[in-house]
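The values are calculated or read from the model by the stated rules, or taken from the named source; none is laboratory data. Keep in mind that what you see is a predicted model, and the values were worked out from it rather than measured. Positions of Cβ are backbone-derived with ideal geometry, glycine not excepted, and every protein chain shown enters the neighbour counts.
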Amino acid sequence: MSDDADHPDDAPPVPGPGQLALAVGASFLVSVDERRGEPTSHTFGPLPEDQARCLAGLLLNRRDAVTGAGPWRCAVAGGSRSVALTQTS
């Protein structure tokens, strides 16, 4: 507790003039499941939407970013790969 009883240390900050605001867009996780003998799963992110879609397209061997949320599938040497996006915020 601070010396001033009207402003305890654990009080939430009060926004006021001159406060900085940060606009944060939606974040996405990129989930990858591969079936090559032993199944494996990886999750990347959180990433901004444009980066998540670009990564998903790269993992699927596509020239363009993907649309929608997936899951998308593609063949890979010795098996298959599935990629999906999940919005986190």
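What are the pairs, 6+ residues apart or on separate chains, where a residue within segment 60-89 that is in contact (Cβ under 8 Å) with a residue 40 or more places away in the chain and among the basic types (Lys, Arg) has its Cβ under 8 Å from a residue that is surrounded by 10 or more Cβ atoms within 10 Å (Cβ to Cβ) and not in a loop (DSSP other than H, G, I, E, B)?
Arg81/Val32; Arg81/Asp33; Arg81/Glu34; Arg81/Arg35; Arg81/Leu59; Arg81/Arg73; Arg81/Cys74
I'm checking my understanding of the structure. Among residues of segment 35-51 that are within 14 Å of Val83 (Cβ to Cβ) and not polar (S, T, N, Q), which one is surrounded by the most Cβ atoms within 10 Å (Cβ to Cβ)?
Leu47
Within segment 74-89, restricting attention to residues that are over 14 Å from Arg53 (Cα atoms) and not polar (S, T, N, Q), which residue is surrounded by the fewest Cβ atoms within 10 Å (Cβ to Cβ)?
Within segment 74-89, the match that is surrounded by the fewest Cβ atoms within 10 Å (Cβ to Cβ) is Ala77.
From Ser89, Ser2, Ser41, grab the single residue that is at pLDDT below 85 and touching an Asp or Glu at 6+ places or on another chain (Cβ under 6 Å).
Details: Ser89 fails: touching an Asp or Glu at 6+ places or on another chain (Cβ under 6 Å); Ser41 fails: at pLDDT below 85.
After ruling out the rest, the residue left standing is Ser2.
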